Protein chains: 2
Amino acid sequence: MSDSADGRRHVVIVGGGFGGLACAKALARADWRITIVDRENHHLFQPLLYQVATAVLSPADIAAPIRTIVRRQRNTEVVLGQVVAVDVDARRLRLADRTIDYDTLVLATGATHSYFGHDEWQPHAPGLKTIDDALELRRRLLLAFEAAEYEPDPDTRRACLTFVVVGGGPTGVELAGALIEIAARSIPRDFRRIDTTTTKVILVEAGERLLGGMPATLGDRAKTDLEHMGVDVRLRHRVTHIDETGAVVGDERIPAANVFWAAGVTGSALARTLGVPLDPAGRVIVDPDLTVPGHPELFVIGDLAHVEDPATGTTVPGIAPAAMQMGRHVAATLRRRPDADRPPFRYRDTGTMATIGRNRAVAAIGGRRFTGLVAWLLWSLVHVYFLIGFRRRMFVMLSWAWNYVVFAKGARLITGRPPTSSDARPPT
Amino acid sequence: MSDSADGRRHVVIVGGGFGGLACAKALARADWRITIVDRENHHLFQPLLYQVATAVLSPADIAAPIRTIVRRQRNTEVVLGQVVAVDVDARRLRLADRTIDYDTLVLATGATHSYFGHDEWQPHAPGLKTIDDALELRRRLLLAFEAAEYEPDPDTRRACLTFVVVGGGPTGVELAGALIEIAARSIPRDFRRIDTTTTKVILVEAGERLLGGMPATLGDRAKTDLEHMGVDVRLRHRVTHIDETGAVVGDERIPAANVFWAAGVTGSALARTLGVPLDPAGRVIVDPDLTVPGHPELFVIGDLAHVEDPATGTTVPGIAPAAMQMGRHVAATLRRRPDADRPPFRYRDTGTMATIGRNRAVAAIGGRRFTGLVAWLLWSLVHVYFLIGFRRRMFVMLSWAWNYVVFAKGARLITGRPPTSSDARPPT
């Protein structure tokens, strides 16, 4: 794309997530030509993805076309396409069917699942990063109850009603809580032969506690809350094997038709095409100004960036507020004169929160801790507020209000592959 | 499934569409054991499916789990599964992984696309019968604009912005109207390089007029309305060829990246396993009481049934109200004593309607004709009213209200296969 010799410099932002979009929006009035490249046509509000997986929300409730988000921003173009490689020296991106030259590049492609070297687990333990992931989880979860309803063998039926969630971070905690609520509250009356309230949800975490990124008291509270709801929480346990019949947790084999993966993440594959140093989690180690060492024109932000926080000596966490702060920091840098000093990025902790279930959440905001109903209300407000676009905000609030009143889950559709119950059965 | 010797007779209803569900609900208090078998887990409000295809509504807005619809009906079970064959003599259904014995069978599996002997057209001209169909149409339609935006060749770009809709019945009319509205009103500002208002939508109908099932004046009005909106309506034209580069209409080759099929339907394949006479459209020719001749225990209803209307001498149309009337008629028959006389089914024409666009529809109700805004308001009211479940009603009304105000389409997500723009390009 060289049809642009209008004198303005060209910044290409790869990834329309929280970081990439924040950067683009902060450059709306800057004297830059902006191109956003994403392999999906939509920005995804990932913190609510587990609600699509658990049939509370529809995909369109938590996603919006990137084009529409930036439609009023006349200096910005959007390209739907997958970046295959970055030629750092030539300042050129290679896509499947074209190349894009840049003056400055912002990589914000995020992270993907990591199975800790066990990629063979992936088909049996899907993760939750994209809308298609969420729809696949929803399909599997709903089919499990369908398969159980007509399963004559009690052991196989028990396996159909057993869910193992691997990973005790926010996604794992939220998924486990939502699963037990569906089974215990939303669907019992839909079935005639099985008692869905006997569903087992087992949350496995290798560490000492849940929600490792949050204060210890909140991780403990999350555990108590989940156990009160009926989740079997196993700390200091490792999953050592996963196949189509279940998982091995420590030394125990757990027959389960469904294992969901909410554990490891690794920087997106694009990072490995750069030829620059990565940390063990596949993230690009960047300088304090968020550029790759030796490449002042190459920024990396969001979950793909390994950034040391000079204030605390720790790594900036891979969460949406951090990504947005980095995006805005890069935009501020680009708005300066090219030869100006570049201030270092400083992470401002705006708080972390995780929801657990109806009326239950935990939140750490500005040194204060919240639990229970107060945290849950805070969580709801914050998440609705940040959902992009008024329409989405209004609909999500109504969906939640409705679900709260009637315990229904409105999006309980099995779509995708032809859903006959036979293909949901574990082949025991 | 023979674990049911409780003395009640067992009716199995295959198909949870309008006909099958109406039958099951009308038997809620009857002394029958009811099993509904469907290959999907949800009832689909098919008349609004085109709105999912055109990104106005989400799948969950127009579909609800069958289990949930009948959850309070204790004499009713739901089986998710595909019926492979009916053994009429043994009164037994064969599914992929089990068999189900019945005393009475109600077949309500509807119709599917027919490509008039040209099944090779199917991959290039997808139809619109299921949620997955609708999501595939949505994906193709949104990718067409993405591909056009960066297509350097003007002819290929023009093909990306050309849509051919085959079939001038309600689905074809509604689809054509929605397509031109998206292109002309919803998305122009999203794109930088193409002018989506130049999009061509060509509606091809072999007959003398649109909406053949409705009064002629309304078909004419639909044509005028569509042409006013910019649709190229071609009556008395046949599609003679379809491939990945476009369609041949009469003698003219129309380069088009997308051809959508809204023409022929044929009775679902299950009918052919019965060994009973079918009409040329693959529908089962039933007696006036809706049973298969010689089989008083075998009912066929809805789009799968070929029923003569004694009042008019015509065939009862394949629309939702007719299917629901047939379902209730069968239920009334089953509630009588087994040896009672069986009254013939009489179709009551409750009206037909089709929407065309913003403020435009046509409706024929009880001998009266409505067009324009009045018809459109009627259409909206009727469709919202019949949507099952309060939640859906409320959300659909809000979606429509919102779209009406801002011309937005809220569900413009490309999901499914990895959507890189390269795979949307016609391989010219």
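The values are calculated or read from the model by the stated rules, or taken from the named source; none is laboratory data. The structure displayed is predicted, hence computed values, not measured ones. Heads up, the Cβs are rebuilt from the backbone with ideal geometry, glycines too, and the neighbour counts pull from every protein chain shown.
Overview of results
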{"read-out": "Count of region B:75-85 residues which are assigned to a loop (DSSP other than H, G, I, E, B) and more than 8 Å from every other protein chain (Cβ to nearest Cβ)", "value": "1"}
{"read-out": "Any hit, region A:279-286, residues being small (Gly, Ala, Ser), assigned to a loop (DSSP other than H, G, I, E, B), in contact (Cβ under 8 Å) with a residue 40 or more places away in the chain and assigned by TED's automatic domain parsing to the domain that holds A:Met326", "value": "yes"}
{"read-out": "Matching residues in region A:158-208 - criterion: being hydroxyl-bearing (Ser, Thr, Tyr) and farther than 30 Å from B:Arg72 by Cβ", "value": "A:Thr171"}
{"read-out": "Evaluation of A:Glu77 against (1) surrounded by fewer than 24 Cβ atoms within 10 Å (Cβ to Cβ); (2) out of contact with any Ser or Thr (no Cβ under 7 Å at 6 or more places or on another chain) (one fails), failing number", "value": "(2)"}
{"read-out": "All positions within region B:227-241 that are in a strand (DSSP E or B), closer than 24 Å to B:Arg358 by Cβ and free of Cβ contacts under 8 Å to residues at least 40 places away in the same chain", "value": "B:Asp232, B:Arg234"}
{"read-out": "Looking only at region B:230-242, and only at residues there that are in contact with a strand residue (DSSP E or B) (Cβ under 9 Å, 6 or more places away or on another chain) and not aliphatic (A, V, I, L, M), the one that is farthest from B:Gly207 (Cα to Cα)", "value": "B:Gly230"}
{"read-out": "Residue identified as more than 24 Å from the chain's Cα centre (by Cα), of a type in the set (A, V, I, L, M) and farther than 30 Å from A:Pro343 by Cα among A:Ile242, A:Ile254", "value": "A:Ile254"}
{"read-out": "The listed residue being of a type in the set (D, E, K, R), farther than 22 Å from A:Pro126 by Cα and free of Cβ contacts under 8 Å to residues at least 40 places away in the same chain, out of A:Arg71, A:Arg33", "value": "A:Arg71"}
{"read-out": "Breaking point among (1) more than 10 Å from chain B (Cβ to nearest Cβ); (2) touching a strand residue (DSSP E or B) at 6+ places or on another chain (Cβ under 9 Å); (3) in contact (Cβ under 8 Å) with a residue 60 or more places away in the chain, for A:Arg138", "value": "(2)"}
{"read-out": "Test: B:Phe260 is crowded, with 24+ Cβ neighbours inside 10 Å, touching a strand residue (DSSP E or B) at 6+ places or on another chain (Cβ under 8 Å), touching a residue at least 60 places away in the same chain (Cβ under 8 Å) and not assigned by TED's automatic domain parsing to the domain that holds B:Ala364", "value": "no"}
{"read-out": "Failed condition for A:His113, given (1) more than 12 Å from chain B (Cβ to nearest Cβ); (2) buried (at least 17 other Cβ atoms within 10 Å of the Cβ); (3) at pLDDT 95 or above", "value": "(3)"}
{"read-out": "Residue in region B:153-181 that is nearest to B:His237 (Cα to Cα), counting only those that are surrounded by fewer than 24 Cβ atoms within 10 Å (Cβ to Cβ) and within 14 Å of chain A (Cβ to nearest Cβ)", "value": "B:Thr156"}
{"read-out": "Residue selected from region A:57-69 under the condition more than 8 Å from every other protein chain (Cβ to nearest Cβ) and touching a helix residue (DSSP H, G or I) at 6+ places or on another chain (Cβ under 6 Å), by the criterion surrounded by the most Cβ atoms within 10 Å (Cβ to Cβ)", "value": "A:Leu57"}
{"read-out": "Condition broken by B:Ala311, with the remaining ones in (1) modelled with pLDDT of 95 or more; (2) over 24 Å from B:Gly168 (Cβ atoms); (3) of a type in the set (Gly, Ala, Ser) satisfied", "value": "(1)"}
{"read-out": "Filtered residues of region B:317-343 (kept if modelled with pLDDT under 95 and either in a loop (DSSP other than H, G, I, E, B) or buried (at least 21 other Cβ atoms within 10 Å of the Cβ) (or both))", "value": "B:Pro317, B:Gly318, B:Ile319, B:Arg336, B:Arg337, B:Pro338, B:Asp339, B:Ala340, B:Asp341, B:Arg342, B:Pro343"}
{"read-out": "Members of region A:155-194 found to be modelled with pLDDT of 95 or more, of a type in the set (Ser, Thr, Tyr) and either farther than 23 Å from A:Glu244 by Cβ or touching a Lys or Arg at 6+ places or on another chain (Cβ under 6 Å) (or both), listed by number", "value": "A:Thr162"}
{"read-out": "Single condition B:Pro47 does not satisfy, out of (1) within 14 Å of another protein chain (Cβ to nearest Cβ); (2) farther than 28 Å from B:Arg336 by Cα", "value": "(1)"}
{"read-out": "Filter result for the condition that a residue is in contact with a strand residue (DSSP E or B) (Cβ under 7 Å, 6 or more places away or on another chain) and of a type outside the set (A, V, I, L, M, F, W, C), over B:Asp61, B:Asp87", "value": "B:Asp87"}
{"read-out": "Residue check for B:Arg8: farther than 30 Å from B:Arg139 by Cβ and more than 10 Å from chain A (Cβ to nearest Cβ)", "value": "yes"}
{"read-out": "Residue list for region A:179-211, restricted to those being within 17 Å of A:Tyr50 (Cα to Cα) and without any contact (Cβ under 8 Å) to a residue 40 or more places away in the chain", "value": "A:Ala183, A:Val201, A:Leu203"}
{"read-out": "Within region A:207-237, considering residues that are out of contact with any helix residue (DSSP H, G or I) (no Cβ under 7 Å at 6 or more places or on another chain) and crowded, with 22+ Cβ neighbours inside 10 Å, the one nearest to A:Ala320 (Cα to Cα)", "value": "A:Met214"}
{"read-out": "A:Val248 within 30 Å of A:Glu151 (Cβ to Cβ), β-branched (Val, Ile, Thr) and free of Cβ contacts under 8 Å to residues at least 40 places away in the same chain", "value": "yes"}
{"read-out": "Subset of region B:96-147 (residues that are among the basic types (Lys, Arg) and either more than 20 Å from the chain's Cα centre (by Cα) or assigned to a loop (DSSP other than H, G, I, E, B) (or both))", "value": "B:Arg98, B:Lys129"}
{"read-out": "Qualifying positions in region B:306-355 - of a type in the set (A, V, I, L, M, F, W, C), within 26 Å of B:Ala269 (Cα to Cα), out of contact with any Pro (no Cβ under 9 Å at 6 or more places or on another chain) and without any contact (Cβ under 8 Å) to a residue 60 or more places away in the chain", "value": "B:Val316, B:Ala322"}
{"read-out": "Residues being more than 13 Å from every other protein chain (Cβ to nearest Cβ), more than 26 Å from B:Phe386 (Cβ to Cβ) and touching a residue at least 12 places away in the same chain (Cβ under 8 Å) - total across region B:86-110", "value": "9"}
